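Please treat every number below as a calculation from the coordinates, not as lab data. Fair warning: this is a prediction, and the values are worked out from it, not measured in the lab. Reconstructed Cβ throughout: ideal geometry from the backbone, glycine too, with neighbour counts over all protein chains shown.
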Amino acid sequence: MPNQLSLSDYLERYYLPARIALSEEYTRQLRWLVRKFGPVLLGDLSEQRITAYLSMRAQTQAASTVNREGRYLRMLWTAAYDDGLCDRPPRRIRRLPERVPTPTAWTSEEVGRLLLEAGTLRGRVFGVPASVWWSSLFATAYWTGCRIGALRQAKVSDWDSERSALTIIRQKNGHEQLYILPASCAQRLNALASYAKHDAASLWPWRFARQTMFTHARQIIEASGIRCPKSHLQLFHRLRRTNLTYCAKADPVVAQRQADHASYETTRKHYIDPTICSGRSAADVLPEPVCVTRLTVIG
């Protein structure tokens, strides 16, 4: 019976094999979610069961995380229905209201301190001096504004030393984007690429768990003495915000193009730090109230 297929089996046997070029991170998130949701047959899926799970997660997780997991569960359920493995599609599940925090970026001075700290590292990362490996990664994240997942997919062949150009495949839409990098970053990438054994090798080789990379990155950031985000997911994302904030300060069109967003409002809302890129506010245009001393009449 189709309804006797488990959600986990559906994910591995039907959903993932039928999708083309899913990112490693997206696949990891789906597998983790299905395990966390628990063993359940497709025929036992219900809005009440999903709501109960999301309510439990809401006790410890941000609303955006809870809403994303609810969206993924409904998506899998809908896909199973489209494949003829469920009797009906899911109905609407109410989303939690999300608080959109004000974006926080590093200043260029803080990024400079980070690069100095990374340049003093000793030891090696898969045969590459740690100072070269980490400083080139931080510098490239700063100059391109790319997500760490996209940078991790870069190959040695994607770096053109003659043009100082790096080709990156964007995670969310698969578009190729070419970045012309300044000499300071190009020198780091040239040094990095010189340790590669062949062009198909990863530009930043890493065979440990993703969490281990974030742990090392946090240690370097904290050692540099700059502000460090609490969430490991924000460590490299803060460099992306720094890039887009300074781009927006010069020209919002450049920031939108750099972010590859459909509208500048998305860029502004989620990536632009207003303490670095600030337009005129009410405080700039309102007149100062005139305080008149009140006279007290006696008698």
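Longest stretch of the chain clear of exposed loop sites (GluC sites (Glu not before Pro), DSSP loop, at most 13 other Cβ atoms within 10 Å, sites excluded): 163-299. Say a paramagnetic label sat at a point 7 Å from the Cα of Gln29, along Cα to Cβ; which residues of the range 74-114 have their backbone N under 14 Å from it? Inside the label zone: 74-76.
Among Asn190, Asn67, Asn243, the largest mean-square fluctuation in a Gaussian network model of the chain (Cα springs under 10 Å) belongs to Asn67. For the range 7-48, backbone nitrogen atoms closer than 18 Å to the point 7 Å from Asp87 Cα along Cα-to-C-beta are found at 7, 40-48.
Counting only residues at least eight positions apart within a chain, or on another chain, the aspartates and glutamates with an alpha carbon under 16 Å from that of Lys230 are Glu222. At 10 °C and a viscosity of 1.306 mPa s, what translational diffusion coefficient does Stokes-Einstein give for the range 2-82, taking Rh as the Kirkwood radius over Cα pairs? Give it in µm²/s as a whole number. Reported coefficient: 121 µm²/s. In the chain, if the dipole is taken from +1 on Lys/Arg beta carbons and -1 on Asp/Glu beta carbons about the Cα centre, which of Pro252, Ser131, His232 is farthest to the positive end? Value computed over the given set: His232.
Quick check for me: using +1 on Lys/Arg Cβ and -1 on Asp/Glu Cβ, what's the dipole size of the chain about its Cα centre, in debye to the nearest 20?
640
For Lys249, the lysines whose Cα comes closer than 21 Å to its Cα, not counting residues fewer than 8 places off in the same chain, are Lys269.
Work out the length of the dipole vector of the range 108-271 about its Cα centre, built from +1 on the beta-carbon of each Lys and Arg and -1 on the beta-carbon of each Asp and Glu, and round it to the nearest 20 debye.
560
Please work out the FRET efficiency for the pair Arg207 and Glu98, using the Cβ-Cβ distance as r and a Förster radius of 25 Å; give the result to the nearest 0.05. E(calc), rounded to 0.05, equals 0.10. A simple spin-label model places the labels of Ala52 and Arg68 2.6 nm from each other, with each point 7 Å out along Cα-to-Cβ.
Note: relative contact order over the range 1-133, using C-alpha pairs below 8 Å and six or more positions apart, is 23 percent.
With helices as the sole contributors, the chain gives -14000 deg cm²/dmol at 222 nm; each DSSP H run of n ≥ 4 counts as -39500 (n - 2.57), and the sum is divided by every residue. Rounded to the nearest 20 debye, the dipole magnitude of the range 2-82 is 180 debye, with +1 charges on Lys and Arg beta carbons, -1 on Asp and Glu beta carbons, and the Cα centre as origin.
Cross-link partners of Lys36 among aspartates and glutamates, defined as those whose alpha carbon lies under 14 angstrom from its own and excluding same-chain residues fewer than eight positions apart: Glu69.
Modelled spin-label separation between Thr78 and Gln61, with each label point placed 7 Å from Cα along the Cα-to-Cβ direction: 1.9 nm.
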